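Written below as structure tokens is the structure these notes are about.
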2 protein chains.
Amino acid sequence: MIVEIVTTGSELLLGQIINTNSAYMAAGLNAIGFDVVYQTTVGDNRERMRAVLEQALSRADIVITSGGLGPTQGDITKEVCAGIFGRKLYLHEESLERIKAHFRHVQKEMADNNIRQAMIPEGAVVFKNYAGTAPGVALEDNGRLLVNLPGPPSEMKDMFERSLKPYLEEKYGFDSVIVSRVLDTFGIGESSLETLIRDLILAQQNPTLALLVRPSGVIIRITAKAPSKQEADELIAQMEKEIRARLDKYIYAVDDEDMEDIVGRQLLQRQLTIACAESCTGGLLTSRLTDVPGSSAYVKGAIVSYTNEMKHRELGVSEEVLASQGAVCEAVAAAMAEGVALKTGADIGVGITGIAGPGGASDEKPVGLVYIAVAGREGTIVKKNIFTGRRKQIKYKTTQTALDMVRHYIGKL
Amino acid sequence: MIVEIVTTGSELLLGQIINTNSAYMAAGLNAIGFDVVYQTTVGDNRERMRAVLEQALSRADIVITSGGLGPTQGDITKEVCAGIFGRKLYLHEESLERIKAHFRHVQKEMADNNIRQAMIPEGAVVFKNYAGTAPGVALEDNGRLLVNLPGPPSEMKDMFERSLKPYLEEKYGFDSVIVSRVLDTFGIGESSLETLIRDLILAQQNPTLALLVRPSGVIIRITAKAPSKQEADELIAQMEKEIRARLDKYIYAVDDEDMEDIVGRQLLQRQLTIACAESCTGGLLTSRLTDVPGSSAYVKGAIVSYTNEMKHRELGVSEEVLASQGAVCEAVAAAMAEGVALKTGADIGVGITGIAGPGGASDEKPVGLVYIAVAGREGTIVKKNIFTGRRKQIKYKTTQTALDMVRHYIGKL
């Protein structure tokens, strides 16, 4: 089946927002065997939108739109689509009830124009919106399928996964499947990594291999196409085995798992607790640890000691060391890690001190210099790092490195 | 002049990469008075690419492509475009010399297929590539302009700024400029906001108004078109004045500033310091405060008290209250805010306790229930919130709300 994705909205045409929805939908549709061959973006202009959609319906079997389902006058996608198929809009009571319930739940007043979001084309299948107010719709007209999804990425993704994919599967079945598996690596650069698996990359047929650089590290995407998911999974498993034989220590997760998920699972399995003493990361490490549902089982808490006074008083870092070596040094990182573990009774303490920049640097201590310490019953280890990038990047790289240190530390326990 | 942007490449269709080029080009073109009304993405398929480009030339005055100028067999954009205008490709010696020089510079061997990149359509204007090897081209055919830019963002951007914009300016002149200004609001929903300025939206001509929902809140984009930037700025200023007269208390920033930037500036100006006691946000609020360069001047630090024990021992929250009312209640939030201010000597303390979910909820205390307190010399205020979304969204919405409360609190000092 040929698919065209049509994203609507003047903010896209004006370049005010980047179109991430098209990539998400395209990847998801390709993964279940649909061929996305066109992606079009058009503004909130009735004539142009109608022309674009009519053409899309003439060259694709399935047209999926995103955007223009909001409550405002500028949200016209549903009306235009209904018009193309000559359908009227009617008030869909169930959708209206859901919208009212949403506003009751957040204890806010529903505005009258939200009623527009409950107007549905005659004969349309309605997709519930679990992440917002605008329902989605699927309209069919002699073999052509026209689907409207919301524009906000969180709502689009939720509806795409929960409603659209099952709907398409039931309707068309999936003849062949494309399955991808991502191996997340950390601590090795793209070119070194490529050198270690170049023969596999050169010999790739099915599955294929792709190396992609991410802020979290380099990822290896293995993609296999087969009649069934099981067969695809087997092809992937063979390739993964071959890759792991060479790179296992760098691979910390697969697919969408983050370093904090992995460390969290380790802590749960080993029944260990953790606490952090953060300076230049300002709480980001602990925030990442607590992004994981259930993390309250192993995260004791943190001291964000942005001043020397707090480093000394809350964490017991020696004033002499702070005075003689400064706040950014190996000894302070170690004392912070040990201090926060002692104070909170956590099994593992992490200490971070560094210069996120742009200010605060000196010749000996450049922007990006960060000391990370991990303390526990196996003693305290400290790593000196010099990270590049802007302030937020340095903060993120610091937390990723700290989590990887904890991962290895627990692995050795 | 009507412009269509056509991005080519299977990796875009497959959703393997996000299309940032279209947004960059669209923003740059709109800023100099061109109307980008269509964006299309097509793969490396001759027939489909040709059909898409012919249609683009039929509905736009200027068609700008990005991608498909590389050395491989899959890179066909130049050939397809030359074919549409019935031009042959010839070897452009100067481009070949530049490509050879590039490889000498990076001390690598030039592969034969790089010669393809120096093949130029007859009669085309050549754009030098200062960031890579593929030259760009501009082809004209009775009043229709077809421009090919490289796909790699760094090369496309460099060529867009250095070559395409000056070329377009010389060719068409920039009779007008388009200037946008964003008003960032918080604390009011899209539909309520629209209700308050519906007359302005309905009457909009120049400047135009657009409401966009962002995780940070609803933004109002004012876009004006005028012969000069100064005149556009004046049109925007008048509209902004009108909007502020109705919505000023909701508007916390303009353009790209974040709430933490605004609060940081307030704290600096008033020479106040801040400290946070975070439970369900796990340090995210303090991390956002410390994303701002120079924040060490006003951020004392934070206690992330993920356990009742830490709430009591580190922040002095009464054990009776914790036992009788639980950790998620107004009294605990207030005690946390006051406790952290006292402990750190900060002028302002923020306390956050809530249920980020998915677990930990009860009938009386649903997921998303969050109490936020701000304490200082004007006393302590506490706000009860019920946020929707997933764990990370609830964490973010909590920090945005907390920062806005601090903003209003300082405003009243």
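For this structure, a couple of remarks:
- Peptide B:358-367 - average C-beta neighbours from other chains (10 Å radius): 1
- Chain A packed on chain B takes about 5800 Å² of accessible surface away from a 1.4 Å probe, both sides summed.
- Stokes-Einstein diffusion of the range A:1-134 at 4 °C, 1.567 mPa s viscosity, Kirkwood radius from Cα pairs, rounded to a whole number: 81 µm²/s.
- For A:Val125, the label point sits 7 Å beyond Cα toward Cβ; its separations from the matching points on the remaining copies run 5.1 nm, from shortest to longest.
- Equivalent-ellipsoid semi-axes of the protein assembly as shown, from the Cα gyration tensor, Å, largest first: 45, 34, 28
- Proximal lysines to B:Lys108, defined as alpha-carbon separation beneath 27 angstrom and excluding residues fewer than eight positions away on the same chain: B:Lys78, B:Lys100, B:Lys128, B:Lys157
- Beta bridges by DSSP in the protein assembly as shown, antiparallel share as percent, to the nearest 5: 65 percent
- About its Cα centre, the dipole of the range B:98-195 is roughly 600 debye, where the only charges are +1 on Lys and Arg Cβ and -1 on Asp and Glu Cβ.
- Pair B:Arg244, B:Ser154: separation of 7 Å Cα→Cβ label points (nm): 4.1 nm
- Among the trypsin sites (Lys or Arg not before Pro) found in the range B:120-160, those both in a DSSP coil and sparsely packed, with 16 or fewer other Cβ atoms within 10 Å of their Cβ, are B:Lys128.
- Gyration tensor verdict on the range A:22-94 (Cα atoms; rounded if a/c is under 1.5, prolate if a/b is larger than b/c, oblate otherwise): prolate
- Taking B:Leu209, B:Leu196, B:Leu315 in turn, the Gaussian network model of chain B (Cα-Cα springs below 10 Å) assigns the largest fluctuation to B:Leu196.
- Dipole moment magnitude, nearest 20 debye, the range A:1-74 about Cα centre, only Lys, Arg, Asp, Glu C-beta charged: 80 debye
- A point 7 Å from Cα along Cα→Cβ stands in for A:Tyr90, and the other copies hold the same point at 6.8 nm, listed in rising order.
- Ordering B:Lys412, B:Lys311 by accessible surface, largest first, gives B:Lys412, B:Lys311; the 1.4 Å probe counts only protein heavy atoms, with every chain in place.
- Note on the range A:53-95: Cα Rg divided by 2.2 N^0.38 Å, N the number of residues, gives 1.29.
- All-pairs alpha carbon distance profile, the range B:192-337, 5 Å steps from 0, percent: 2, 8, 14, 13, 12, 12, 11, 10, 7, 5, 3, 2, 1, 0
- Under conditions of 4 °C and 1.567 mPa s, the range A:126-254 yields 75 µm² s⁻¹ as its translational diffusion coefficient, taking Rh as the Kirkwood radius over Cα pairs in the Stokes-Einstein equation.
- Taking the square roots of 5 times each eigenvalue of the Cα gyration tensor of the range B:219-303, largest first, gives ellipsoid semi-axes of 34, 14, 12 Å.
- Mean per-residue shielding of peptide B:213-221 is 2, counting Cβ atoms of other chains within 10 Å of each Cβ.
- Exposed loop sites were defined as GluC sites (Glu not before Pro) in DSSP loop states (anything but H, G, I, E or B) carrying at most 16 other C-beta atoms within 10 Å; in chain A the longest segment without such a site runs A:123-256.
- For chain A, DSSP calls about 60 percent of its internal beta bridges antiparallel.
- Hydrodynamic analysis of the range A:262-361 uses the Kirkwood radius over alpha carbon pairs. Inserted into Stokes-Einstein at 37 °C and 0.692 mPa s, it gives a translational diffusion coefficient of 240 µm²/s.
- Counting only Cβ charges, +1 for Lys and Arg and -1 for Asp and Glu, the dipole size of chain A around its Cα centre is about 520 debye.
- The mean count of C-beta atoms from other chains within 10 Å of the C-beta of residues in A:22-32, rounded to a whole number, is 4.
- Centroid-to-centroid separation of the range A:34-85 and the range A:141-219 [C-alpha atoms, Å]: 24 Å
- Gaussian network model of chain B, springs between alpha carbon atoms under 10 Å - residue of B:Ser192, B:Ser176, B:Ser163 with greatest fluctuation: B:Ser192
- Those residues of the range A:1-37 whose amide nitrogen sits under 20 Å from the label point placed on B:Glu54, 7 Å along Cα→Cβ: A:37
- Positive dipole terminus of chain B, leading residue within B:Ser176, B:Ala237, B:Gln393 (C-beta point charges): B:Gln393
- Per-residue SASA entry for B:Thr401, accessible area with 1.4 Å probe, Å² rounded to 10: 10 Å²
- Whether the range B:1-56 is rounded, prolate or oblate, judged on the alpha carbon gyration tensor where a/c under 1.5 counts as rounded: oblate
- Carbon plus sulfur fraction of accessible area for the range A:49-203, probe 1.4 Å, in percent: 49 percent
- Of the whole protein surface, B:Leu12 contributes about 20 Å² of accessible area at a 1.4 Å probe radius.
- Taking every Cα-Cα distance in the range A:80-191 and sorting them into 5 Å bins from zero, the calculated P(r) comes out as 2, 10, 17, 18, 17, 11, 7, 7, 5, 3, 3, 1 percent.
- Volume per residue that the Cα convex hull of the range B:110-156 spans, once the total is divided by residue count, Å³: 78 Å³
- Pairs of alpha carbons in chain B whose separation is greater than 33 Å (percent): 52 percent
- Surface composition of the range B:258-334: carbon and sulfur make up 47 percent of the accessible area, probe 1.4 Å.
- Prolate/oblate/rounded label for the range A:360-413 (Cα gyration tensor, a/c 1.5): oblate
- In the context of the full protein assembly, B:Leu57 retains an accessible surface of approximately 10 Å², using a probe radius of 1.4 Å and ignoring ligands and nucleic acids.
- Over all pairs of different C-alpha atoms, the range A:314-413 has a mean inverse distance whose reciprocal, the Kirkwood radius, equals 13.7 Å.
- Furthest towards positive pole of dipole, B:Met156, B:His105, B:Leu202, structure part the range B:76-217, Cβ charges: B:His105
The values are calculated or read from the model by the stated rules, or taken from the named source; none is laboratory data. Treat the numbers as computed from the prediction; the structure is a model and nothing was measured. Please note: Cβ atoms are built from the backbone with ideal geometry, for glycine as well, and neighbour counts cover all protein chains shown. These area figures cover heavy atoms from the full protein model, side chains too; ligands, DNA and RNA do not enter into them. Shrake-Rupley method; radii C 1.70, N 1.55, O 1.52, S 1.80 Å.
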